[in-house]
Amino acid sequence: MNRIMTDYERVAYKFMPALRQYTVYILVNEMHMNQKEAAMAMGVTQAAVSKYLNNKKISKETRSIMLNFERSNVYDYVKNILSKSDINAQKSVCHLCQLYHKFDCNMMVR
């Protein structure tokens, strides 16, 4: 029996992993950061960055989420994390999530 996921679970287990993976891709492959620099920018370990870069098994759902990201909105998120603007980064995440899920969640930062 499949249970219904809460908004929080959908964001935590489906959306954020896809956004982190896409962000790592941009930082390393397009902005030419090394893994350590990307990890520092994102506030994760170098091992986590390595995992995102080497993850060959991307679920269909994660791939679908990544394909639906609007590139300019992801770049806004990347710009905000690089500038250490936590509230603006959070707003970018909420905006991306709302575009993908097309609903208002109770965690949304306005």
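Readers should treat all values here as calculations from the given coordinates under stated rules, not as data from a laboratory. Small disclaimer: the values here were computed from a predicted structure and weren't measured. Don't worry about glycine lacking a Cβ; one is built from the backbone with ideal geometry, like all the others, and counts go over all protein chains shown.
Extension gain ILE26-MET40, at 0.36 nm per residue separation less the Cα-Cα distance, in nm?
Details: separation 14, 0.36 × 14 = 5.04 nm, distance 1.44 nm.
My answer for the length gained is 3.6 nm.
The reciprocal of the average 1/r between distinct C-alpha atoms defines the Kirkwood hydrodynamic radius, which for the range 7-101 equals 13.4 Å.
Using only side-chain charges placed at the Cβ, +1 for Lys and Arg and -1 for Asp and Glu, the dipole size of the range 7-101 relative to its Cα centre rounds to 300 debye. You can think of it this way: the chain between ASN2 and ASN55 has 16.5 nm of extra reach, that is 0.36 nm per residue less the Cα-Cα gap.
For the cross-link pairs LYS14/LYS51; LYS60/LYS84; LYS14/LYS91, the ones whose C-alpha atoms lie over 24 Å apart are LYS60/LYS84.
Measuring nothing but alpha carbons in the range 1-47 and taking Rh as the Kirkwood radius, the Rg to Rh ratio lands at 1.16. Farthest toward the positive end of the dipole of the range 7-101, out of ALA47, VAL11, LEU96, is the Cα of ALA47, where the dipole comes from beta carbon charges about the Cα centre.
Across the range 7-15, coupling constants 3J(HN,Hα) worked out from phi with the 6.51/-1.76/1.60 Karplus curve, θ = phi - 60°, read 4, 4, 5, 4, 5, 5, 9, 10, 6 Hz, and Gly and Pro carry x.
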